[in-house]
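**Q** One structure, as structure tokens, below. Some questions next.
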């Protein structure tokens, strides 16, 4: 086999997800020939070490993408809107971690465990789904395949790192202030672009992203619409309530589903999920084994536990799904897409 | 009207709920003639100030209840099992905040906004429901009455104060340790009587109380069974996933319901809840108004917001319910029961 390597760019290299992308590329020993670290003008000049070598972050411009084969974007929707087409124009395939292109019918929205084959339809841009969506569909896909899926009701328990490094800093500052009996300042969460800001320390805030006209937040609508697109199930009933917690990293989800075919036992479902790609089953109530943010952080897998039958509906099940929102929810899924592109001979 | 006052005992006066009971009795200016503060042997001797007067906490024994008319118990199930019958034997009415008698068919389980009339059937002991159950049924009762209720799926976001003062202390110690980069010690949560203990600081733990044979925790089964009993709806479909958060006080709940009669608009439901007893509507997405633990703490009401129609089922609705677990969830509901007993001429 030929020793092939690729020219890779990471856009938003200094952000919470960008840092994880570099760590993941390193850990996976991704075949990088040339690496470009790009960012906004503000962060340009930052020095970052990758595989023992020091890189200087450059400002991302259209010309930055000359010669780049894969560009991993995670620098906000407006940057992707502006620069992803420029990267494609210069021959790169873009894996975009923002919401800018996710619902574009021309853009595949991919979670490799679920719809890797959709990559074959790409026209230059591939979208990485929302963090909370990714971990949920990884756990639901095996159930859909075996029993059919009718309805999904999810309540999320989301970590602040999903809102970036500023949000993590704010949570820590507020926590320290409260423990010291000082006043709390809120300037970032629940949503930096919204009018009001609320305390996240020792609190649970039922708003992630902006409210839409139907009363759902954009985060909730992302989970609803992206789940249908990834699973190719326009008819799937999905509802979401998204809540931000004082957790640094690791999203948890309480999920109720109704399948088409009812009657499967919990044991059967556990066996199915234990052998499913990307899933680690952690479900042993007798020994208090269940997924938690604190134990999922730093790991690539999606952890599933607390699987129970609904006590009333024969096709109803409850479960608890946890994953590192910066890894499977963002960086790892993006790198995994790049690996799938290589595997499917879609890269260069 | 005669100026009547009553002889009151508070059992568990030094605990998290006991302290709130005294505060609530004071604030409500409950007509107390004589007040007895009782506790375990360990806490006996503690001095507590009530309405400017100092009381010494005494060890609770059967004879402590001589002459007592109302005894508010919140000292754990085993204390209630042992002493509540003794109090009744001596002529007291017991309002018990533990789970000891809740499912006893002879014992009314009461949330005054929902089933105050059940008090008339009491045989000495009245049970105060589980904190997470109380706030949910206050919000659901008006919907049940107007539209009929078919199914309830709840995911909770519960505060550590529900597990007592030790749990609050543990959360604060762990939080400080993590912020200082020190090792975390876990000895109380998720459940002091269970084998393993996990970090609650910056985490979300999907276990409250012990696991039952069906895979649900006892807390989840309490919510399921108590809701049916309080609402007199054995046939109601209820499922719960109960999760502990690093929040000091204030339980939040993400609730999905299906009504019998569908089609009601969100505006109609908001109007209904805004005029329902014990409920404060906080639901204005345009102005980021929704309930939160941080703003509900210290208040007696149940706060409801984020009301949305399910996007697929005409009889499906989602909402977010928050209340102070030590007040409406415990102390305030207990004192409210005592007030109802006076109102219904059931006391003395």
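**Q** Compute the relative contact order of segment A:286-330 as a whole-number percentage, counting only Cα pairs closer than 8 Å that sit 6 or more residues apart in sequence. Write down the numbers at each step before the final one.
**A** Numbers: 64 pairs, mean separation 18.7, N = 45.
That works out to 42 percent.
**Q** Take the Cα atoms of segment B:1-75, build their convex hull, and give its volume per residue in Å³.
**A** Enclosed volume per residue, from the Cα hull, is 84 Å³.
**Q** I'd like the projected area of the protein assembly as shown, averaged over all directions, using the convex hull of its alpha carbons. Report it in nm² with one decimal. Write out the running numbers ahead of the final one.
**A** Details: hull surface 125.7 nm².
One quarter of the hull surface, i.e. the mean projection, equals 31.4 nm².
**Q** Please give the Cα centre distance for segment B:154-214 versus segment A:230-252, rounded to the nearest Å.
**A** Using only Cα atoms, the two centres lie 24 Å from each other.
**Q** Just grab the label-to-label distance for residue B:266 and residue A:90, each label 7 Å out from Cα along the Cβ direction, in nm (one decimal).
**A** Reported label-point gap for residue B:266 and residue A:90 is 4.3 nm.
**Q** Could you work out the relative contact order of segment A:42-181, using alpha carbon pairs under 8 angstrom and six or more residues apart, expressed as a whole percent? Don't jump to the answer; show the numbers that get you there.
**A** Details: 164 pairs, mean separation 20.0, N = 140.
Relative contact order of segment A:42-181: 14 percent.
**Q** Here's something else I'd like to know. Specify, for chain A, the residue whose C-beta is closest to the rotation axis mapping it onto chain B, with the distance given in whole Å.
**A** Minimum Cβ distance to the axis, with residue: A:155, 2.
**Q** Also, I was wondering about something else. Rg and Dmax of segment A:169-257, Cα atoms, in Å?
**A** 15.7, 51
**Q** So for the protein assembly as shown: antiparallel DSSP bridges make up what percent, rounded to the nearest 5?
**A** Details: 58 of 116 bridges.
Counting only bridges with both partners in the protein assembly as shown, antiparallel ones make up about 50 percent.
**Q** Right, next: Which order results if B:248, A:26 are arranged by neighbouring Cβ count within 10 Å, fewest first?
**A** On the way: B:248 19, A:26 14.
Lowest count first: A:26, B:248.
**Q** So, one more: Quick one: divide the alpha-carbon radius of gyration of segment B:249-311 by 2.2 N^0.38 Å and tell me what you get.
**A** Details: Rg = 12.3 Å, N = 63, 2.2 N^0.38 = 10.6 Å.
Scaled against compact globular proteins, the figure is 1.16.
**Q** Using a Gaussian network model of chain B whose springs link C-alpha atoms within less than 10 Å, name the residue from B:215, B:76, B:329 with the highest mean-square fluctuation.
**A** B:215
**Q** I've got another one for you. So for chain B: antiparallel DSSP bridges make up what percent, rounded to the nearest 5? Kindly include the intermediate steps, with their values, before the conclusion.
**A** Details: 29 of 58 bridges.
So the antiparallel bridges amount to about 50 percent of the total.
**Q** Which distances, shortest first and in nm, link residue A:263 to the matching position in the other copies, using label points set 7 Å out along Cα to C-beta?
**A** Reported distances to equivalent positions: 3.6 nm.
**Q** Beyond 38 Å, what share of the Cα-Cα pairs of chain B is found? Please give it as a whole percent. Walk me through the intermediate numbers first.
**A** Numbers: 9468 of 60378 pairs.
Within chain B, distances greater than 38 Å cover 16 percent of Cα pairs.
**Q** In what order do B:286, A:312, A:283 fall by count of nearby beta-carbon atoms within 10 Å, going from fewest to most? Don't skip to the end; give the middle numbers.
**A** On the way: B:286 9, A:312 15, A:283 22.
Fewest-to-most ranking of B:286, A:312, A:283: B:286, A:312, A:283.
**Q** With the contact rule set at Cα under 8 Å and sequence spacing of 6 or more, what percent relative contact order holds for chain A?
**A** About 18 percent, as a whole number.
**Q** Want the number for residue A:40 to residue A:345: 0.36 nm per residue separation, take away the alpha-carbon distance, what's left? Please report the intermediate quantities before stating the final value.
**A** Details: separation 305, 0.36 × 305 = 109.80 nm, distance 3.17 nm.
Extra length from residue A:40 to residue A:345 when fully extended: 106.6 nm.
**Q** How far apart, in nm, are two points set 7 Å out from the Cα along the Cα-to-Cβ line at residue A:53 and at residue A:275?
**A** So the two model labels end up 4.4 nm from each other.
**Q** Something else: Taking the Cα atoms of segment B:258-348 alone, what are Rg (to one decimal) and Dmax (as a whole number) in Å?
**A** Computed over the Cα atoms of segment B:258-348, radius of gyration and Dmax are 16.0, 53 Å.
**Q** Any idea what the residue A:67 label distances to the other copies are, label 7 Å down the Cα→Cβ vector, nm, shortest first?
**A** Those separations, rounded to one decimal, come out as 9.5 nm.
**Q** How far is residue B:145 from the same spot in each other copy, in nm, shortest first, if each label point sits 7 Å from Cα toward Cβ?
**A** Result, one decimal in nm: 5.1.
**Q** I'd like to know how segment A:23-155 sits against the 2.2 N^0.38 Å rule of thumb: what's its Cα Rg over that expected value?
**A** 1.20
**Q** Say each of residue B:212 and residue B:61 gets a label point 7 Å from the Cα, pointing the same way as Cα to Cβ; how far apart are those two points in nm?
**A** Label at residue B:212, label at residue B:61, 3.8 nm between them.
**Q** List the pair-distance distribution P(r) of segment B:75-128, using every Cα-Cα distance, as the percent of pairs falling in each 5 Å bin from 0 up to the bin containing the longest distance, rounded to whole percents.
**A** 4, 23, 31, 26, 12, 4
**Q** Now, a different point. In what sequence do B:88, B:8, A:160 fall when counting other Cβ within 10 Å, fewest first? Kindly include the intermediate steps, with their values, before the conclusion.
**A** Numbers: B:88 17, B:8 23, A:160 29.
Lowest count first: B:88, B:8, A:160.
**Q** What translational diffusion coefficient, to the nearest whole µm²/s, does segment A:133-324 have by Stokes-Einstein, given a Kirkwood radius computed over alpha-carbon pairs, a temperature of 25 °C and 0.890 mPa s viscosity?
**A** For the chosen part, D equals 140 µm²/s.
**Q** To check you understand DSSP bridge types, tell me what percent of the beta bridges within segment B:261-348 (both residues inside) are antiparallel, rounded to 5. Could the numbers behind the result be given before it?
**A** Values: 7 of 10 bridges.
In segment B:261-348, approximately 70 percent of DSSP beta bridges are antiparallel ones.
**Q** While we're looking at this one, here's another question. Do the sum for chain A: with -39,500 (n - 2.57) for every DSSP H run of n ≥ 4, divided by all residues, what is the mean residue ellipticity at 222 nm, to the nearest 500 deg cm²/dmol? Present the calculation step by step, with values, prior to reporting the outcome.
**A** Working: 9 runs with 99 residues, N = 348.
When only DSSP H runs of four or more count, the value is -8500 deg cm²/dmol.
Values quoted throughout were computed directly from the atomic coordinates according to the rules given, and no laboratory measurement underlies them. Just so it is clear, the model here is predicted, and its values are computed rather than measured. Don't worry about glycine lacking a Cβ; one is built from the backbone with ideal geometry, like all the others, and counts go over all protein chains shown.
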